[in-house]
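The values are calculated or read from the model by the stated rules, or taken from the named source; none is laboratory data. Just so it is clear, the structure is predicted and the values come from calculations on it, not from any experiment. Note that we place each Cβ from the backbone using ideal geometry, even for glycine, and neighbour counts take in every protein chain shown.
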Amino acid sequence: MTCSSDFICFPRTPYIVHFAAETFNDALSICGKNGFLTTLESDDEVAKVLNSISQHVKSSAESNYWIGLRKPKRDCVIQGEKLKGFSWTENNTASTADLKWKVPPQATCTHERCAYLSVNFDGTSEVKWGLADAKCTAKFPFICRALRERQACPKPSIPSIHDIIYKDDPDTVEVSCPSGERHTLTCSPETEKWLREGGSQDLSSLCRPCPPGYILGTSGRCEDVDECASRSLNRKDAGVDSPPDRNPSQGPEAEEEAEERKSDYSQIIIPIIIAALALVVLLVIIVVVVTCCRRKKHSKNLAGKKSDSSKESMGLKDTDNMEKVNK
């Protein structure tokens, strides 16, 4: 768990306020990962919690937070006691500071009830607060207490050249690199180590110069420079139109794009070649068929001429024979 917009880690205290509303049992489970739903067993503890909250909540509206105070289903509310029959979930005791109730808890012996801290701020150091109860299924922000008070994170260990800028919040520092890049680090309340944006504990790559042809990406790792895009941008900055680059960088991305283009070309060219071959075959078939037909026709013509010649020859012979007989 790291400090974020969802909750606030109070410097050098064990308290963490979660602003995301949860049921009492869910809040109990979340706090149980590294501590417990906070108790208010002493006046000093009450003062620390209220002082911590007042540093971040300035609205005059009422703010409610689950604390680890609950009345089991079979127990009765006892109005004459300080905790009204409720007990702390952490140690199941009724020991308490001089707590006050904004609203007396609902009198019941048959329903489980859970208590919350209700606080009003008016923009000054004066704080109006008290306890109230609700159904345990209601949803409120909640306050966790870590098992031990948080210690200050040690100075960030970064091997590269850098400057550290300390903020008003002791749990936040800014790392400035010679390149001009800046990185925000946050002290983890659990590990007491500095975390980068995104939650990584690896600070070794911060401010580390990248080799030629690479730049530091948003992930903190060196990334290959798109030289084509860089040349294009440089030419535009200089007021020169950028012609197409005839010799693009042959990095992995360029090779992948080239392969994709080849694949696209093959998908277009191969069908065209197949269609052309089919057309050639069709033309050859047509030529062969036409040639055969012409040859057959020519053969029939020759046969017809031979038949006519034979008939004429026979007719001449018959004529000669008749002439001989007449003589």
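From the residues in segment 62-81 that are loosely packed, with under 15 Cβ neighbours inside 10 Å and assigned to a loop (DSSP other than H, G, I, E, B), which one is farthest from the chain's Cα centre (by Cα)?
The residue in question is GLY80.
Would you pick out the residues in segment 28-60 that are among the small types (Gly, Ala, Ser) and either closer than 20 Å to TRP101 by Cβ or modelled with pLDDT under 85 (or both)?
SER42, ALA47, SER52, SER54, SER59, SER60, listed by residue number.
Those residues that are in contact (Cβ under 8 Å) with a residue 60 or more places away in the chain and surrounded by 19 or more Cβ atoms within 10 Å (Cβ to Cβ), I need them from segment 189-214; list them, please.
Across segment 189-214, the qualifying residues are PRO189, LEU195.
Those residues that are crowded, with 17+ Cβ neighbours inside 10 Å and in a loop (DSSP other than H, G, I, E, B), I need them from segment 35-56; list them, please.
Passing the criteria: THR38, THR39, LEU40, GLU41.
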